[in-house]
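Down below is the structure, laid out as structure tokens.
Every number here is computed from the coordinates shown, using simple stated rules; none is lab data. Bear in mind the structure is a predicted one, so any value in this text is a computation, not a measurement. Positions of Cβ are backbone-derived with ideal geometry, glycine not excepted, and every protein chain shown enters the neighbour counts.
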Amino acid sequence: MRIERAELRVVSIPLIHPFETSFGRESEKTCLLLRLDCEGAVGWGECVAMSGPWYSEETTGTARLVLAEHILPLVLGRDFDTGDDVCRALARVRGNRMAQAALETACLDALARSQSVSLAQLLGGVRTEIESGVSIGIQESPEALVRNVERELSAGYKRIKIKIKPGADHEYVRAVRREFPHVPLMVDANSAYTLADADRLAELDHFALMMIEQPLAHDDVLDHSILAGRIKTPICLDESVHSAEDARKALDLEACRVVNIKSGRLGGLTESVRTHDLCLKRATPVWCGGMLETNIGRAANVALSSLPGFTLPGDVAASARYFEHDVALPNFELTLGGTIAVPEGPGSGVEVDTRRLDQVTLLREEFTAG
């Protein structure tokens, strides 16, 4: 399958509700979308880099630059038949994993469509539906958080994740546990603490949490291994794991007992599958994290979550939680059982709404082979 043409778009879409984490508050989703035309098949990928270097070093602007000037010239006019082929073509590129992931996802979407199989089938998925959890940003008060949790449970979500940071942790978790003593509950710190906070983090052991996600520095494994020996709550690593090899080292050091798999952070679906396979072999549960994706990125997350090792509900929630009008359809909906169906049609299972896409596009660029 030859990549003949590429189109990059920077888009900005208002969020239905602002989303706050320990590193900031978002009211709109600004991201980079990539279309590839491959011998009659069209594939789409979404770069999950944020507008600023808050979650990682990458931004929408840097990803656009790297894709336009370095990544696309490596692949335009070339033939690819597998995700491994794409990875080999990009072997020279250091870092910039979110930019690489957008390219690889678009390639695999086009490849799946050309073979008339679903993206989930192409990746080795086995599930027809996935369990859906929900992530709730930092709220103005514990009472406001409880109201939000109640709303999400009423909608059918079976697992709740709440964002925390110093000054918005114990009281908030305690309020939720008081009202909902048995709901599967986890917290995400997004690197807001240090090892000096170990005693404070140990106090969270009283709330019977599923896990605490990335409590310490975004690039740390060693201190997490020390913290793991001082708290009972399982640690889940997110920002610290950028490859299957990173996951292996973290598990060898006993720095975590759970791994969050985000294809953008890992550089694509192929490396995500490798990480999944490693964790499955090591009997380590994994789940799929989210980055407020449009349905383009959400479809890729659903396909990835259909693999057998994804035994915990991920952050792949219904489309309607985030955008009033998405750029791709159909929307992903939550079933009464708290699950989301895995698309069975060719490719990712969603089609881009070009009219809506044009409405939210800030910048559009085209590239061709040669």
Taking just the C-alpha trace of region 121-341, give me its Rg and Dmax in Å.
16.7, 47
What are the trypsin sites (Lys or Arg not before Pro) within region 74-176 that DSSP puts in a loop, where the Cβ has at most 10 other Cβ atoms within 10 Å?
R92, R94
Hey, what angle do you get for helix 170-179 against the long axis of the chain, alpha-carbon based, 0 to 90 degrees rounded to 10?
90 degrees
Under 10 Å, Cα contacts only: if you run a Gaussian network model on the chain, which one of S154, S225, S272 comes out with the highest mean-square fluctuation?
S154
Over 31 Å between Cα atoms, which of K29/K281; K29/K232; K29/K249; K163/K232 qualify?
K29/K281; K29/K232; K29/K249
Roughly what angle does helix 97-114 make with the longest principal axis of the chain, taking Cα atoms, 0 to 90 degrees, to the nearest 10?
60 degrees
Could you go through region 192-202 in sequence order and give the Karplus-derived ³J(HN,Hα) for each residue, using 6.51 cos²θ - 1.76 cosθ + 1.60 with θ = phi - 60°, rounded to whole Hz, and x for Gly and Pro?
7, 10, 10, 4, 5, 8, 4, 5, 5, 5, 5
Roughly how compact is region 239-370, stated as its Cα Rg over 2.2 N^0.38 Å to two decimals?
1.18
If each of L65 and H206 carries a label point 7 Å out from its Cα toward its Cβ, how far apart are those two points in nm?
4.9 nm
Quick check for me: using +1 on Lys/Arg Cβ and -1 on Asp/Glu Cβ, what's the dipole size of region 121-341 about its Cα centre, in debye to the nearest 20?
500 debye
Relative contact order in percent for region 221-301 (Cα pairs under 8 Å, 6+ apart) equals 28 percent
Hypothetical label at A320: residues of region 14-46 whose amide nitrogen lies under 19 Å (7 Å Cα-Cβ projection):
14-18
Can you give the local net charge around G95? Use residues other than it whose beta-carbon is closer than 9 angstrom to its beta-carbon, Lys and Arg +1, Asp and Glu -1.
0
HN-Hα J couplings of region 288-300 from phi, Karplus 6.51/-1.76/1.60, θ = phi - 60°, integer Hz, Gly and Pro as x?
9, x, x, 10, 6, 5, 6, 5, 5, x, 5, 4, 5
Extend 7 Å from the Cα of Q115 along its Cα-to-C-beta direction; within region 285-310, residues with backbone N under 17 Å of that point are 300, 303-308
What distance in nm lies between label points placed 7 Å from Cα along the C-beta direction at R5 and E129?
4.0 nm
Using only DSSP helix segments of four residues or longer, with each worth -39500 (n - 2.57), what per-residue ellipticity at 222 nm results for the chain after dividing by its residue count and rounding to 500?
-9000 deg cm²/dmol
Using the beta-carbon distance between R177 and D353 and R0 = 45 Å, what value does 1/(1 + (r/R0)^6) give for FRET efficiency, to the nearest 0.05?
0.65
Binning at 10 Å from 0, report for the chain what percent of all alpha-carbon pair distances ends up in each bin.
5, 26, 35, 24, 8, 1, 0
Region 175-190 versus region 297-347: alpha-carbon centroid distance in Å
23 Å
Between E150 and W54, with labels modelled 7 Å along Cα→Cβ, what's the label distance in nm to one decimal, could you check?
2.8 nm
Where does helix 269-281 land angle-wise versus the long Cα axis of the chain, in degrees 0 to 90, nearest 10?
40 degrees
Considering the chain as a Gaussian network with a 10 Å cut-off on Cα pairs, which listed residue, V258, V117, V342, attains the greatest mean-square fluctuation?
V117
I want the local charge near N260. Using Cβ-Cβ distances under 11 Å, sum +1 for each Lys or Arg and -1 for each Asp or Glu among the other residues.
-2
